[in-house]
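Here is the structure we will look at.
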């Protein structure tokens, strides 16, 4: 199965997954457990790892400040991982019901989930700890939540591979973020970026940390004086993306009729986008 299909699947399905982190029901769920956003985020996303130590979560999440992980994970452990998981699932459930409307009864949901579960069952999880944790975690019973769970496995499968590419490139967590947010030599290249301010806020790095990462990349010849990727920096970025796509392709090779399955999922993803819950989107209708 080709790397381009793995890339297309990621770009197509991602909005359905990230609804878990951007929806109007999370705040009440957090408050019900006495958690802030960090506790709810790390507890919800890393809960399948079980009650492991903070360094394990820090290593798995790679580009977050260890202090952020320490705060969030310990708070989630104190609240109880099963309780955090249940609250996250309820918020996702309510959000997807809002977004999908009548589509929630579509038989296509079960078709998509069935194919993805074949791929999940046959994939190799060597070197992919977070994907493995999600793959072998208990599944929800409703098809719309099963689709979210399946996409979570595929997403973390790709994410674990991307962390490997970053490590292989010799990048520190901050350097990886700075490089990702820097302008690429090819202005036509479509990329998902958050901007420096949002990236620092969500990942927990100070201005001093960011400036040090920038200086390091400048010394390596990866960035120029304007903070734009050099040709070498663009080449490094592109190579890491190629490595990630190639590694993710092994998952999609196990999914029956993968290209058709991704196409069949598009109306459900569009409904999530049209809900207006995600950053940069507005509710339609």
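Key figures
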| read-out | value |
| --- | --- |
| Overall form of the stretch 231-285 per C-alpha gyration tensor (a/c, 1.5; a/b vs b/c) | oblate |
| GNM result for the chain, Cα springs below 10 Å: residue of 270, 254, 220 fluctuating most strongly | 220 |
| Inter-probe distance in nm under a simple model that places probes 7 Å from Cα toward Cβ, at residue 11 and residue 94 | 3.4 nm |
| GNM flexibility winner over the chain from 188, 253, 212 (Cα, springs under 10 Å) | 188 |
| Separation of alpha-carbon centers, the stretch 139-205 and the stretch 1-25, rounded to whole Å | 11 Å |
| Sorted by Cβ density within 10 Å, fewest first, the residues 88, 52 | 52, 88 |
| Ascending count of other beta-carbon atoms within 10 Å, so fewest first, for 178, 167, 54 | 167, 54, 178 |
| Simple label model, 7 Å out from Cα along Cβ direction - residue 56 to residue 83, nm | 2.1 nm |
| Scattering profile of the chain at q = 0.10, 0.15 Å⁻¹ [log10 I(q)/I(0), Debye over alpha-carbon scatterers] | -0.54, -1.28 |
| Calculated [θ] (222 nm, deg cm²/dmol) that DSSP helices of n ≥ 4 give over the chain, each run adding -39,500 (n - 2.57) | -22000 deg cm²/dmol |
| Degrees separating the helix 231-252 axis from the principal Cα axis of the chain, which is the longest one | 20 degrees |
| C-alpha long axis of helix 81-100 to longest principal axis of the chain, angle in ° | 80 degrees |
| With Cα atoms, 0 to 90° folded angle of helix 37-46 axis to the chain main axis | 70 degrees |
| FRET efficiency for residue 232 and residue 18, using Cβ-Cβ distance with R0 set to 25 Å, rounded to 0.05 | 0.20 |
| Label zone at residue 220 (point 7 Å along Cα-to-Cβ), backbone N below 17 Å, the stretch 130-170 | 162-170 |
| Of 94, 155, 190, the one that fluctuates the most in a GNM where the chain has Cα springs shorter than 10 Å | 190 |
| Percent of alpha-carbon pairs separated by more than 19 Å within the stretch 133-231 | 55 percent |
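Read-outs: derived from the displayed coordinates by stated rules, not from any lab. Keep in mind the model is a prediction, meaning the values are calculated, not measured. Here Cβ is always computed from backbone atoms with ideal geometry, including for glycine, and neighbour counts include all displayed protein chains.
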